[in-house]
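Below is one structure, written out as structure tokens; comments come after it.
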Amino acid sequence: MLSGWSHRQQGTKMHSRESNWPTICFASALALSSVIVRAQPANAQTLKTVKERGSLACGVNQGLPGFSSPDDKGVWSGLDVDLCRAIAAAIFNDPGKVRFVPLSTAERFEALRSGKIDVLARNSTWTMSREIDLGLSFAGVNYYDGQGFLVHKVPEMTSALELDGAKICVQTDTTTVNNLIDYFQSNNLKYEVVGAASPAEALKDYDQGLCSVLSSDVSQLYAQRLQLAKPGDHIILPDIISKEPLGPAVRQDDPQWLSVVKWVHFAMIDAEELGIGSNTVDQALLSKKPDVMRLVGTEGDFGERLGLTKAWAANAIRTVGNYGEVFERNVGSRSKLGIPRGLNQLWNIGGIQYAPPIR
């Protein structure tokens with residue numbers, strides 16, 4: 001009974017709809033066209049520009065060991081440098097097609113906004129204001145860091161809570177000063193800031209005794225300690241007073257380019273989790289495991305949908321390495337810095353490095 005009623009009602013409505021079919025079809029086509037137009041990226045020029053130029057322009061730190069620094073022959077190395085090389089390898093199958101642009105703290109974001117560089121990989125903290133106010137998008141976190149303190153090694157000094165009244169050297173125009181204000185006010189401690197225009201100047205001030213404490217991201221403190229005459233005479237206190245998620249940034253006007261940078265980073269993390277490294281990519285190409293096949297491009301068209309090739313991730317991993325390889329050789333146990341992996345360990349073995357699946 002109910003089905004018969006539904007059938008008769010549908011028939012009546014169909015008759016009415018057929019009488020206005022051309023008008024409705026036209027309106028539907030316009031609506032569909034509107035949806036399609038809205039679905040297109042507002043701007044998808046960066047990848048095209050990079051391909052036509054034949055190289056990636058990557059903004060990096062002027063010299064921070066472990067993250068980005070040139071040797072005496074001008075060859076760059078570091079965690080951020082390797083991310084740029086991986087992006088170039090994903091695009092060109094050649095990690096050497098990168099032009100590194102050394103930038104100061106003050107000029108880094110404007111260089112990106114103005115188009116001087118395609119991506120900023122310069123140990124920069126991902127914050128809300130930098131996205132909202134500067135029109136940038138961070139593509140991920142390639143190093144979870146936090147602000148800490150470097151002090152002269154003395155037996156009685158074990159905590160930052162003992163720094164009441166200290167003179168603290170910091171680089172200005174960074175999140176460092178605001179973090180100090182929050183920490184010392186929260187703990188009712190007095191302090192004096194000795195500002196510097198660059199990390200090198202802050203380290204020099206500390207070394208010359210203008211302050212008793214050097215404060216910065218812990219990763220940077222490890223690098224700066226190596227530059228002192230007697231690194232063993234200085235310690236990094238265990239206190240971490242801020243969250244400093246460091247990662248690559250791009251302009252907000254190009255969603256396709258954001259996806260390219262983001263997924264190259266994620267692919268390197270996924271590769272480590274799947275046990276695929278620079279020396280095992282070719283074996284992975286023979287794998288029948290679906291998640292491995294999607295990563296190395298033997299299944300699906302994920303690379304083409306990014307504007308790259310099927311081998312985009314395999315090329316990056318083969319020539320640069322997975323995230324674990326990059327971490328260890330630049331800042332980890334096999335590097336001069338010897339930084340514990342800590343939060344930057346994979347999520348399934350105690351850290352928080354985690355990448356969405358490629359599927």
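The values are calculated or read from the model by the stated rules, or taken from the named source; none is laboratory data. Remember, predicted model here, so these are calculated numbers, not experimental data. When we count neighbours, we look across all protein chains shown, and the Cβ atoms used for this are built from the backbone with ideal geometry, even at glycine. In case anyone asks, the SASA skips ligands and DNA or RNA and just uses the protein heavy atoms, side chains included. Shrake-Rupley method; radii C 1.70, N 1.55, O 1.52, S 1.80 Å.
Rounded to whole Å and sorted largest first, what semi-axes of the equivalent ellipsoid does the C-alpha gyration tensor of the range 125-247 yield via the square root of 5 times each eigenvalue? If you can, show how the numbers build up before the last one.
Numbers: eigenvalues 121, 53, 38 Å².
So the three semi-axes of the range 125-247 are 25, 16, 14 Å.
What value in Å³ per residue do you get for the convex hull of the alpha-carbon atoms in the range 252-359? Could the numbers behind the result be given before it?
Working: hull volume 12.0 nm³, N = 108.
Expressed per residue, the convex hull around the Cα atoms of the range 252-359 is 111 Å³.
For a quick protection proxy, order the peptides 155-161, 295-301 by their average other-Cβ count within 10 Å, most packed first. It would help to have the intermediate numbers written out before the result.
Values: 155-161: 11.7, 295-301: 19.6.
The densest-packed peptide leads the list: 295-301, 155-161.
Output the relative contact order of the chain, whole-number percent, from Cα pairs under 8 angstrom with separation of 6+ residues. List each step's numbers first, then the result.
Numbers: 612 pairs, mean separation 71.1, N = 359.
Computed over the chain, the figure is 20 percent.
How many nm separate the modelled label positions at Asp207 and Ile236, each set 7 Å beyond the Cα in the direction of the Cβ?
Computed distance between label sites Asp207 and Ile236 equals 1.8 nm.
Out of the DSSP beta bridges found with both residues in the chain, what percent are antiparallel (nearest 5)?
55
Per-residue ellipticity at 222 nm for the chain, helices alone: DSSP H runs ≥ 4 residues times -39500 (n - 2.57), over residue total, nearest 500 deg cm²/dmol?
Helix-only estimate at 222 nm: -12500 deg cm²/dmol.
Nearest 10 degrees, 0 to 90: what angle lies between the long axis of helix 2-19 and the longest principal axis of the chain (Cα atoms)?
90
Would you calculate the volume per residue, in Å³, of the smallest convex hull containing every Cα atom of the chain? Mind showing how you got there, number by number?
On the way: hull volume 78.9 nm³, N = 359.
So the per-residue hull volume is 220 Å³.
Be a star and scan the range 239-258 for residues whose amide nitrogen sits under 19 Å from the point 7 Å along the Cα-to-Cβ vector of Arg305.
Residues 255-258 qualify, since their backbone N sits under 19 Å from the label point.
Can you bin every Cα-Cα distance in the range 239-281 into 5 Å intervals starting at zero and give me the percent of pairs per bin, rounded to whole numbers?
5, 17, 18, 15, 16, 15, 10, 3
About the Cα centre of the chain, how large is the charge dipole given +1 on each Lys and Arg Cβ and -1 on each Asp and Glu Cβ? Please answer in debye to the nearest 20. All intermediate terms of the calculation are to be shown ahead of the outcome.
Numbers: 36 positive and 38 negative charges, 276 e Å.
Here the size comes out at about 1320 debye.
Check the straight Cα-Cα distances from Lys204 and name the lysines below 17 Å, setting aside those fewer than 8 residues away within the same chain.
Lys167, Lys230
Given the options Thr280, Ile317, Phe266, identify the residue whose Cα lies farthest towards the positive end of the charge dipole of the range 237-359 (+1 on Cβ of Lys, Arg; -1 on Cβ of Asp, Glu).
Checking the options against the dipole of the range 237-359, the answer is Thr280.
Cα-Cα over 22 Å: which of Lys51/Lys97; Lys48/Lys288; Lys116/Lys262; Lys97/Lys243?
Lys48/Lys288; Lys97/Lys243, as the Cα separations exceed 22 Å there.
Can you give the charge dipole size of the range 91-213 about its Cα centre, rounded to the nearest 20 debye, using +1 on the beta carbon of Lys and Arg and -1 on the beta carbon of Asp and Glu?
Using Cβ point charges on Lys, Arg, Asp and Glu, the range 91-213 gives about 380 debye.
I'd like the carbon and sulfur percentage of the solvent accessible area for the range 311-359, probe radius 1.4 Å, heavy atoms only, ligands and nucleic acids excluded.
Numbers: 1260 of 2260 Å².
The value for the range 311-359 is 56 percent carbon and sulfur by accessible area.
When only alpha-carbon atoms are used, what values of Rg and Dmax, in angstrom, describe the range 45-119?
Both quantities, over Cα of the range 45-119: 12.0, 35 Å.
What accessible area per residue, rounded to a whole number of Å², is obtained for the chain using a probe radius of 1.4 Å?
50
Among Ala121, Ala89, Ala284, which one shows the highest mean-square fluctuation when the chain is modelled as a Gaussian network with alpha-carbon springs under 10 Å?
Top of the fluctuation ranking is Ala284.
Can you check what the net charge comes to around Asn93, using other residues whose Cβ is under 14 Å from the Cβ of Asn93 (Lys, Arg +1; Asp, Glu -1)?
Taking every Cβ under 14 Å from that of Asn93, the sum is +4.
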